[in-house]
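I have placed the structure first, in the form of structure tokens, so that the comments after it can refer back to it.
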Amino acid sequence: MNMTTEAINPIKLLSAKEVASTIGMSKSWIYDQIKKDKFPKPVRLGPQKTAWKLTDIAEWVNTLPKEAVH
């Protein structure tokens, strides 16, 4: 089977640093919220590497009250 780029649906992955920068919060805040089940969990890419799906972060942002998003 020959796979073309049209057949691939790329998923953008973000590092903890990129997520923190995107949402304007610290990495420690993110991990604290994960422990409280209030923030999306990352996907494990390897023994010491995790990342977040951009779509998961966007969905989380969309659940925030309008006042929280400026």
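Just so it is clear, none of the values below were taken in a lab; they were calculated from the coordinates. These figures come from a predicted structure and were not determined experimentally. Positions of Cβ are generated from backbone atoms using ideal geometry, with glycine treated the same way; all protein chains shown enter the neighbour counts.
Within the set of other residues whose C-beta is less than 14 Å from the C-beta of Glu59, count the net charge using Lys and Arg as +1 and Asp and Glu as -1. Kindly include the intermediate steps, with their values, before the conclusion.
On the way: positive: Lys12, Lys38, Lys41, Lys53; negative: Asp56.
Surrounding charge for Glu59 is +3.
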What's the extension gain from Asn62 to Ser21 if we count 0.36 nm per residue and subtract their Cα-Cα distance?
-> 13.1 nm
